Amino acid sequence: MATKVALPPSVEEIPGLLNPQACRDWLFRQLHPTGPACPSCNRTIEDSRAVRRFFAGRIISCDACDTRFGPITGTIFSGTQMFAEDLAAMLVLFGMGQRDADIASALDLHRATVSRWRRTLNEHGAAL
Ligand SMILES: [Zn+2]
């Protein structure tokens with residue numbers, strides 16, 4: 001009897017294999033490799049509880065100027081309605097060289113949305 005082998009997933013299966021929490025964590029740390037800093041006054045946030053909340057996707061306040069911000073605030077993803085885990089999955093699929101139509105189908109997005117993200121990322125030097 002032949003042993004069953006796990007084959008590489010199809011594009012449609014990839015989002016389901018990703019851990020949403022790990023995706024968010026990865027995305028936020030890509031955006032803030034040196035940790036959170038206030039987008040208004042540039043103060044580095046050092047309080048460990050605030051840093052934890054920030055990387056969990058929560059809004060935190062700057063001690064110095066009271067600006068409220070989260071990990072997406074002031075980034076190219078600011079204002080998007082997409083969940084951070086879907087953004088991360090989209091970046092993974094772009095990085096794998098998948099086509100816009102396949103990414104759109106895998107993430108249940110409009111193809112135009114995916115194409116717009118590809119343009120935006122390229123404008124910011126992604127070279128996709
Ligand atoms: Zn501030």
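The values are calculated or read from the model by the stated rules, or taken from the named source; none is laboratory data. Worth saying up front: this structure is predicted, and the values here are computed from it rather than measured. Ideal geometry is used to build each Cβ from the backbone, glycine not excepted, and the neighbour counts take in all protein chains shown. The area values use the complete protein model at the heavy-atom level, side chains included, leaving out ligands, DNA and RNA. Shrake-Rupley method; radii C 1.70, N 1.55, O 1.52, S 1.80 Å.
SER115 satisfies every condition listed in (1) without any contact (Cβ under 8 Å) to a residue 24 or more places away in the chain; (2) touching a helix residue (DSSP H, G or I) at 6+ places or on another chain (Cβ under 7 Å); (3) open to solvent by 40 Å² or more (accessible area, probe 1.4 Å) except (3).
Suppose we filter region 80-128 for residues that are assigned to a loop (DSSP other than H, G, I, E, B) and farther than 23 Å from ALA22 by Cβ; how many remain? Reasoning before the result, please.
So the first thing to find is which residues in region 80-128 are assigned to a loop (DSSP other than H, G, I, E, B), and the list is 80-83, 96-99, 108-110, 124-128.
Pick out the ones that are also farther than 23 Å from ALA22 by Cβ and you get 99, 110, 124-125, 127.
Of the residues in that region, 5 qualify.
Contact map, region 36-55: residues that are more than 23 Å from GLN21 (Cα to Cα) paired with residues that are among the small types (Gly, Ala, Ser) and within 11 Å of the ligand (Cβ to nearest atom), Cβ distance under 6 Å, separation 6+ or inter-chain. Pairs shown: CYS41/ALA64; ARG43/ALA64; THR44/ALA37.
Residues checked against (1) small (Gly, Ala, Ser); (2) modelled with pLDDT under 95; (3) closer than 14 Å to LEU27 by Cβ; (4) more than 16 Å from the chain's Cα centre (by Cα):
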residue	(1), (2), (3), (4)
LEU87	no, yes, yes, no
GLY95	yes, yes, yes, no
ASP100	no, no, no, yes
ILE103	no, no, no, no
ARG111	no, no, no, yes
VAL114	no, no, no, no
ARG118	no, no, no, no
HIS124	no, yes, no, no
